[in-house]
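Written out below as structure tokens is the structure these notes cover.
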Amino acid sequence: MAAVLLTAAGSPAFAKCGNVTITEMNWSSAAVVTSISKFLMEQGYNCTVTTVPSGTVTAITSVAETGEPDIVTELWLSGVPAYAELEAAGKIRTLTHVLSEGGVDAWWVPQYLIDDHPELATMEGILANPGLVGDRFHNCPDGWGCKVTNEHLAQAYDLAGAGLEVFDHGSGETLAAAIAAAYESKEPWFGYYWAPTSVLGKYPMVKIDLGTFDKAIHDCNAAEECATPGKSSYPPAEVITAVTTDFESRQPEIAELMSHVSFTNEQMSKILAWQEDNNASSEETAVHFLTNYPDVWSTWLSEVARERLSALLQ
Amino acid sequence: MALYSDFFDSMGLRDWCDAGTTGGPQTMADLLARTHSGEASEASQIVFPSLDVLHSACSVIPRTRDFTAGLEHYFLSVKDPVKSVLGPLTQPLSWALQGALDLVHDLPWWLLVLTLIVIVQLAAKRVRITVFTALVFAILAFIDHLEPALQTLAIILVCTFICVLVGVPIGIMMSRSSRLERLAIPVLDMLQTLPTFVYLIPLIFLFSVTEPKLYGIAIILYAIVPAIRLTNLGIRLVDKDVLEAADAFGMTARQKLIRVEFPLALPNIMAGVNQTIMMSLSMVVIASLVSAPGLGALVLRGINKLELGVGLVAGLGIVLLAIMLDRVSKAALERINKSHKA
């Protein structure tokens, strides 16, 4: 504590940053983003940062009910219909798309299946050979936005007619474990998942073409009631960093910083691949990013912060 | 950390430590040291020699994550043999659960409810409880929760039946051998305290998520404990004088068990069965995380979608089922106890 006070008092323009709370979502890319942001806020802006382990829904509920945590990062908007209401009520504001190109929602088949049966790379191939993918489509758990969309897509492609059973998972954990388990014993698997995630980083999967993206068709598919489900792939998912309006007016400088923290899919995939290869923690992955991509994050910082972190930027 | 480096140096182990190492990823501490160069850092502090700390001083020593990764590799390597043994062994559980769920799905609702009410009347022989049961079903049907409630009931009854079938004999064996009791009690403690997801996820690697036995095993492992414990306790609490009398009459061990110990221990065993029913009910929400149908799935949907009402109503449905199961089983047990005393 004394050391913190000393550095704070000793530094040149001492910005009053104070306490910041930021979510750490329970998947790897989010943990890395949070770890990087935490370092920049603490070392560049003298904040005292508390990370709050959280999930999409819990984070948004918490913001709605208590106005905490201050910053929610890697929020997949498709998973939280309540977000629009909160934004309209002026409780929360979108700062940036933290994955600048958006996340990838899709249907996937493991690479090893495609190696043996190249025809499985298309929907037609899967519908003609349901046995090769285990007669089953692995769907999202109840309550996730993708469950509704997938069900409508399943109707449009007539999975049931082709002999494919749509299996709703009980939780995201079992969906991920099902992929891992199939991969370990090289069993058939076909289902929904999203990227960038450590699961898809670890287990190479091939994305199935669900047709060209058509906004009208997709909007119908995504709605709870859809009379005419059609074939349309998912649009790039909006993955954002949000901040409570309260915090934004209190700490405009930090909000400004967080509005720059953004990654392309290529960057994020590279970072996650490095993490996987080195069996590294999210904190070490953040360190890897901070030491190897200084030209990326130096543009995010304010003048003062850049000066404070100059030792790292040389 | 310098402390430990010096230690390895002074022991002359440096060559051994650095043999064939690549050096781990840079840690946050290293990075902070770079930003605050010149400031005294943790050199003055004594860091606990955890695996990670020792690794940074001597890179031959595995890090904690190498340790956990090793555990993972071990599990995956024994997975196939374990699967070939456990798979067929647990298959009847899948059939029983699937059969019970199909029954709920295929039979008309009125026949099922009527049958259950008749069973309650025959088991408890108390009109008040039978009326209460009918009322519970009526409420559940009124709020459109009858089918999930019956699914939950089917799962619980199958699991409880297996718990009794397996748990009571284990309890009897434990009461016979103090050695077995000493060995079994830590296992029972572990089953009740280990977070369920810890063994659910490895189970997914052994079986497929789509098999009902996955949640069946989860429920049984958790709910079987009171049946075992209270059977053991009940038999151990049987009056020694009574046993002496039985010995004096020249009863064999088997006769003693069936005609003296078991009847006298029955109140305790039945209390264990009642507890087993209640504990399997408390597992339904967790079982739904591995795709069990029923009221638990509705609770989860409510939580996932932030629909407080849906979650609350389904949760209340579980409470109603719990009260019903508790009253019915207690009344039935009382009757059995009385008939044995008479």
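In table form, for the structure just shown:
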quantity: Matching residues in segment A:252-288 - criterion: being part of a helix (DSSP H, G or I) and touching a Gly at 6+ places or on another chain (Cβ under 9 Å); calculated: A:257, A:265, A:269, A:272, A:273, A:275, A:276, A:278, A:284
quantity: Residue match in segment B:288-299 (condition: more than 14 Å from chain A (Cβ to nearest Cβ) and modelled with pLDDT of 90 or more); calculated: no
quantity: Residue that is modelled with the lowest pLDDT [pool: residues in segment A:40-54 that are of a type in the set (Ser, Thr, Tyr) and closer than 25 Å to residue A:102 by Cβ]; calculated: A:54
quantity: Residues of segment A:222-267 classified as charged (D, E, K, R) and in contact with a His (Cβ under 9 Å, 6 or more places away or on another chain), total; calculated: 1
quantity: Subset of segment A:127-143 [at pLDDT 90 or above and facing chain B (nearest Cβ under 9 Å)]; calculated: A:136, A:138
quantity: Candidate set from segment A:212-230 (those that are exposed (fewer than 15 other Cβ atoms within 10 Å of the Cβ) and touching a residue at least 40 places away in the same chain (Cβ under 8 Å)); member that is farthest from the other protein chains (Cβ to nearest Cβ); calculated: A:223
quantity: Some residue of segment B:195-212 being away from every other protein chain (no Cβ under 14 Å) and either modelled with pLDDT of 85 or more or assigned to a helix (DSSP H, G or I) (or both); calculated: no
quantity: Qualifying residue in segment A:156-174 (condition: under 30 Å from residue A:261 (Cβ atoms) and under 16 Å from the mean Cα position of the chain (by Cα)); calculated: yes
quantity: Segment A:167-189, residues that are within 8 Å of another protein chain (Cβ to nearest Cβ), touching a Leu at 6+ places or on another chain (Cβ under 9 Å) and crowded, with 20+ Cβ neighbours inside 10 Å; calculated: A:169, A:170, A:171, A:174, A:177, A:181
quantity: Enumerated helices (runs of 4 or more DSSP H) restricted to segment A:165-224, each holding at least 3 residues that are modelled with pLDDT of 90 or more and of a type in the set (Gly, Ala, Ser); calculated: none
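Yes/no per residue for (1) in a helix (DSSP H, G or I); (2) farther than 20 Å from residue B:106 by Cα; (3) assigned by the TED database to the domain that holds residue B:276; (4) touching a Phe, Trp or Tyr at 6+ places or on another chain (Cβ under 7 Å):
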| position | (1), (2), (3), (4) |
| --- | --- |
| B:120 | yes, yes, yes, no |
| B:129 | yes, yes, yes, no |
| B:133 | yes, yes, yes, no |
| B:136 | yes, yes, yes, no |
| B:144 | no, no, yes, no |
| B:147 | yes, no, yes, no |
| B:150 | yes, no, yes, no |
| B:154 | yes, no, yes, no |
| B:160 | yes, yes, yes, no |
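One line per residue, one yes/no per condition, for (1) modelled with pLDDT of 90 or more; (2) touching a Lys or Arg at 6+ places or on another chain (Cβ under 6 Å); (3) of a type in the set (Asp, Glu); (4) not in a strand (DSSP E or B):
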| site | (1), (2), (3), (4) |
| --- | --- |
| A:5 | no, no, no, yes |
| A:12 | no, no, no, yes |
| A:22 | yes, no, no, no |
| A:30 | no, no, no, yes |
| A:35 | yes, no, no, yes |
| A:38 | yes, no, no, yes |
| A:68 | no, no, yes, yes |
| A:72 | yes, no, no, no |
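The values are calculated or read from the model by the stated rules, or taken from the named source; none is laboratory data. These figures come from a predicted structure and were not determined experimentally. Neighbour counts run over all protein chains shown; Cβ positions are idealised from the backbone, glycine included.
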